[in-house]
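The values are calculated or read from the model by the stated rules, or taken from the named source; none is laboratory data. For clarity, every value in this text was computed on a predicted model and none was experimentally measured. All Cβ positions, even for glycine, are placed from backbone atoms using ideal geometry, and neighbour counts span all protein chains on display. Only protein heavy atoms, including side chains, enter the accessible area calculation; ligands, DNA and RNA are left aside. Shrake-Rupley method; radii C 1.70, N 1.55, O 1.52, S 1.80 Å.
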Amino acid sequence: MNKVSLQCLTTPFTFSLSSLSSLSFSHHNSPRSFLRFSVRATSSRAMTSHIVGYPRMGPKRELKFALESFWDGKSSAEELKQVAANLRSAIWKQMSDAGIQHIPSNTFSYYDQVLDTTAMLGAVPDRYNWKGGEIGFDVYFSMARGNASVPAMEMTKWFDTNYHFIVPELGPDVKFSYASHKAVDEYKEAKALGVNTVPVLVGPVSYLLLSKPAKGVEKSFSLLSLIDKILPVYKEVVTELKAAGATWIQFDEPTLVKDLDAHQLQAFDYAYAELESTLSGLDILIETYFADVPAEAYKTLTSLKAVTAYGFDLVRGTKTLELIKQGFPSGKLLFAGVVDGRNIWANNLESSLNTLQTLGDIVGKEKVVVSTSCSLLHTAVDLVNEAKLDHEIKSWLAFAAQKIVEVNALAKALSGQKDEAYFYSNASALASRKSSPRVTNEAVQKAAAALKGSDHRRATNVSSRLSAQQKKLNLPILPTTTIGSFPQTADLRRVRREFKAKKISEEDYINFIKEEIINVVKIQEELDIDVLVHGEPERNDMVEYFGEQLSGFAFTANGWVQSYGSRCVKPPIIYGDVSRPKPMTVFWSSTAQSLTKRPMKGMLTGPVTILNWSFVRDDQPRFETCYQIALAIKDEVEDLEKAGISVIQIDEAALREGLPLRKSEEAFYLNWAVHSFRITNCGVQDTTQIHTHMCYSNFNEIIHSIIDMDADVITIENSRSDEKLLSVFREGVKYGAGIGPGVYDIHSPRIPPTEEIADRINKMLAVLESNILWVNPDCGLKTRKYTEVKPALTNLVDAVKLIRKQLTSTK
């Protein structure tokens, strides 16, 4: 095959002449662009590759620090925009250099892609006082984070991931208008750098299906009835993109993998029929991800008008292969998501190539485009930044940057240009992982296998246990507590870094952490909080902290993944069987309890959350790994009890997010997930109070599984989701254990007034008995400042005391 290689400064680009009809380039002196080029392909589809989306934060969390600096007033909007532009250009160049043909744009976001769509549509709730025009940072970040006078919009989990999106608030009176030109601006920005991208839009139907009725709108309001109001804005965006030179547009319609009814499926037919004339002349990709596409949805998808290509997740959606075998529309392209966008294991290249070849036999090899299973947003950025990671384990991994290379290698192999050396290296790494003795621990496997004979319930029912616990703890009515963490100051983070780098002694580190705990305990006692926490100053992350002390885990230095906004997590890597070599939290919890006569909660992360917030081994079922973690946490719970800790919280913040997207698969998951939680605490005495905590998901549909967890007390996010949790109790669900629906949103800097918190408590008392109700924030306080935490908790305690007086006078 004839090729021409263009070398300019240090950046080579190679093009296949046989697949080009025109090539133009010019050199510019711009510091951000070594080479500008444009490529126009002929009808040949050989060696085509695609990336659904890419991480936004940057390899060293550059966007996180730029955002927080801007929010703190330490840098300007222009400085933030420059950091963002640098990140975008680096991402586009990286994909271009790797040989990717279909490079996405508009997958970058300052906070969330659904919020970006809300801004594009001008669907700003009235409380933010937007007066029209292009939406700027002030309104955008107020919607995301709230401000001094109004709360943020609801935030919830993005399908079954640990990413959170901002839920649109819609109703019949919303006046949609084209209010953010971000998609077009970023396409033009990439084009100016010589990269002709595929602009990505959240599809109109998925946008509506992911929305909720605004406050004051009937819950029965049909969000899909707004389709005719939002399509004109989509048409404007598409028209501008076409005028700017776009040839492809990607519409993300991930709700197609869910169980949709006939009316919902008809909305897709209607929407894309309405868009047909506007989309004329463009290649249109409809992208799905995270699960199989159900048979009826597959029929709907593959019959949509004006669509050129369909994208499928063939990692988590292997059953879709059977549908493709039964029929695929003639002349259409298949974007085959064979490279996992949600885990960090190196792809099995030979296996993926076999899948691609099978697809090629069905639809025609020239019609197959190699892709990622979903956006790489859900994986870490680049292995290059992991200099200290164990060499053998590192050889088993692929982060986002490496997955781009995998996609291109598979595309080349499918077109007959297989890189034998690269494939051989991949096969060797897979063989090393399979045979490594560090992966297997027979004792752990036997212990986990032995769990199958019991459901691991505590011996007595929850009402009896609560009575025994109250005699021991002697708590007032409406007891107050917090969820666990307190603000992590710059000094605290610095000391932890210095200790990890061995720049300070263990003695100095322990003394510093003790002082932090003393301060946190003092603050809580002064505020008159009933059940205390030690503040978790020794913990970098609620999962990583435990993973570092468990066998079978590996850790990265820069494997950060966005959770929401500027918040990033660094998931541990579970590569082998899990066990607990020694106690993990007993020293700190005992230290804290010695400082006060009030109950001090022992703070643990539950097995399901550790599993769902880690990169999990893919060589055994997830439930087997979860049972192993549960046994390790069980050992810790029983050691805390022996050390005199009477209240132990086992957080299961991520239990709901692991729920499968298809109803038919939910019962199996909930059975082993709830069982795993019960394993952790089945051996404690009745007088030991077991708490759990959950946050930022739709819990109403799994309330019976939450009850089946058999915790003594559950604290659960409630305020940011507009108190929809309370609706299940209004509808007659009986809950006999202690429960603390959150009374204020900790992800906003806003300080709720006493009256507002008291009003929330009264709403709770309308559906819950006062003898089971706890009062607490939505979530941990780690990301807040003490200047926000102290007044907010003061108002919380004042509100409780006010309600206690009212209850006493009523009696």
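Tabulated data
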| item | result |
| --- | --- |
| Accessible surface of the chain, 1.4 Å probe, proportion on carbon and sulfur as whole % | 51 |
| Isotropically averaged projected area of region 465-526, using the convex hull of Cα atoms (one quarter of hull area), nm² | 6.3 |
| Where a label projected 7 Å from the Cα of His391 along Cα→Cβ would reach, residues of region 338-369 with amide N under 20 Å | 346 |
| Whole-Hz ³J(HN,Hα) from phi, Karplus 6.51 cos²θ - 1.76 cosθ + 1.60, for region 337-354, glycine and proline x | x, 9, 9, 5, x, 10, 9, 10, 7, 4, 5, 7, 4, 5, 5, 5, 5, 4 |
| Radius 10 Å from Cβ of Gly53, net charge of other residues (Lys, Arg +1; Asp, Glu -1) | -1 |
| 1.4 Å probe accessible area per residue over region 362-422, in Å² | 36 |
| Segment Asn511-Ala447, length gained on full extension (0.36 nm per residue, minus Cα span) | 19.2 nm |
| q = 0.13, 0.23, 0.26 Å⁻¹, region 594-642: log10 I(q)/I(0) [Debye, one scatterer per Cα] | -0.41, -0.85, -0.97 |
| Relative packing of 70-78, 232-240, 555-563, which averages over residues the other C-beta atoms within 10 Å, highest first | 555-563, 232-240, 70-78 |
| DSSP bridge orientation in the chain - percent antiparallel, rounded to nearest 5 | 30 |
| Paramagnetic reach from Ala192 in region 64-88 [backbone N under 17 Å; point 7 Å along Cα→Cβ] | 78-88 |
| Most to least packed among 733-740, 547-554 [average Cβ atoms within 10 Å] | 547-554, 733-740 |
| Value at 222 nm in deg cm²/dmol, rounded to 500, when DSSP H runs of n ≥ 4 in the chain each add -39,500 (n - 2.57) | -12500 deg cm²/dmol |
| Reciprocal of mean inverse Cα separation for region 131-270 (Kirkwood radius, Å) | 16.9 |
| Placed amide H near Gly602: partners under 5 Å, 5+ positions off or other chain | Val647, Ile648, Gln649 |
| Inter-label distance for Ile703 and Glu276, nm, one decimal - labels placed 7 Å from Cα along Cα-to-Cβ | 4.5 |
| For Val198, distant residues with modelled amide H under 5 Å away | Ile103, Ser105 |
| Given (1) 37.1; (2) 33.9; (3) 45.2, the label whose value is mean projected area of the Cα convex hull in nm² derived from this model | (2) |
| Charged-residue dipole, Cβ positions (Lys, Arg, Asp, Glu), region 499-613 about Cα centre, Debye nearest 20 | 220 |
| Ranked packing of 451-460, 513-522, 682-691, most packed first, by mean Cβ within 10 Å | 682-691, 513-522, 451-460 |
| Residue-normalised accessible area of region 525-623, expressed per residue, 1.4 Å probe, Å² | 28 |
| Region 356-474: equivalent-ellipsoid semi-axes (sqrt of 5 x gyration tensor eigenvalues, Cα, Å) | 47, 21, 18 |
| Fraction in percent of alpha-carbon pairs per bin - 10 Å, region 291-356 | 19, 52, 24, 5 |
| Test item: Cα-centred dipole of region 92-251, Lys/Arg +1 and Asp/Glu -1 on Cβ, debye | 80 |
| Additional length obtainable on full extension of the chain from Arg493 to Asp759, 0.36 nm per residue less Cα span | 92.1 nm |
